[in-house]
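Data block below; observations after.
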Amino acid sequence: MNLARKTMNAPALAAVYEHAWRPTLFYLASGRTTGDDRRDAVDTLRLDGEQKVLDLACGPGNFTRHLSDHLTGDGYVTGLDYSEPMLAKAAADNSGPRVGYVRGDARTLPFADGTFDAVCCFGALYLIPDPITATREMIRVLAPGGRIAITTSYRDDNLFGRATTLAASISGLRLFDRDTFPRLFAESGLTEIHQRVHRFMQYVDATKA
Ligand SMILES: C[S@@+](CC[C@H](N)C(=O)[O-])C[C@H]1O[C@@H](n2cnc3c(N)ncnc32)[C@H](O)[C@@H]1O
């Protein structure tokens, strides 16, 4: 297990992740606040009703419950994560009437094809050992017409980008170029593909045809 993965499984990180770790590191990496990211998530996933939503690698549920606040009736958000301490924190701090948490591996999702109306994965694909398999799994469990949104790392295609990629890989983090996710989405038949880059982070969303 690499350093990044060990860190994500540490109870101490789960304790400080939502209110200290994430707001600080994501602001430095992207210039955006958690509030900005939450508002964008609701908008890009087009949440406003009884959708079934998957929040992949949900951590302590810091987006999961917020997303569920924008649903009505039978709408429901499932948060999936690998880390037991993160899931314990999610159950303690971010439960709600339209939220549930599942332990699982992003690379082999325990859901049938087309289960969800919206699927997201924020701040995690750079930690997952096989991020392309995990992304294909997200697309598999997304229903036709459903929305997908990811937030992950970004590197420029220049010497600085290559140097930071090497430095990050030592701790187990992966930095992605501009093309990887839009291309994968297009090859998978997704439409309405949009990408935004903020400093070292990229935000990509699309619709399953
Ligand atoms: C940085 S947190 C992201 C939490 C939240 N989505 C956010 O944006 O703040 C990354 C999460 O990815 C989870 N994770 C890493 N590899 C995973 C895998 N293979 N399957 C499921 N979860 C994984 C970690 O346990 C951790 O909780």
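A protection proxy built from the mean count of other Cβ atoms within 10 Å ranks the segments 103-114, 88-99, 148-159, most packed first, as 148-159, 88-99, 103-114. Mean residue ellipticity, 222 nm, helices only, the chain: the sum of -39500 (n - 2.57) across DSSP H runs of n ≥ 4, divided by residue count and rounded to 500, is -10500 deg cm²/dmol. Peptides 195-207, 170-182, 58-70 ranked from most to least packed by the mean count of surrounding Cβ atoms within 10 Å: 58-70, 195-207, 170-182. Separation of segment 20-51 from segment 117-185 is 16 Å, based on Cα centroids. About its Cα centre, the dipole of segment 1-128 is roughly 440 debye, where the only charges are +1 on Lys and Arg Cβ and -1 on Asp and Glu Cβ. Shape of segment 128-209 from its Cα gyration tensor (a ≥ b ≥ c, root eigenvalues): rounded if a/c is under 1.5, otherwise prolate when a/b > b/c, or oblate? Prolate shape, in that a/c is at least 1.5 and a/b is the bigger ratio. For the chain, with all protein chains in place and a probe radius of 1.4 Å, 56% of the accessible heavy-atom surface sits on carbon or sulfur. In this label model, residue 20 and residue 74 are separated by 4.3 nm, measuring between points 7 Å along each Cα→Cβ vector.
Our estimate of slack between residue 91 and residue 187, defined as 0.36 nm per intervening residue step minus the Cα-Cα distance, is 30.9 nm.
The values are calculated or read from the model by the stated rules, or taken from the named source; none is laboratory data. A quick note: this is a predicted structure, and the numbers were derived from the prediction, not measured. Note that each Cβ is placed from the backbone with ideal geometry, even for glycine, and that neighbours are counted across all protein chains shown. Protein only, heavy atoms only, side chains kept; ligands, DNA and RNA dropped before computing areas. Shrake-Rupley method; radii C 1.70, N 1.55, O 1.52, S 1.80 Å.
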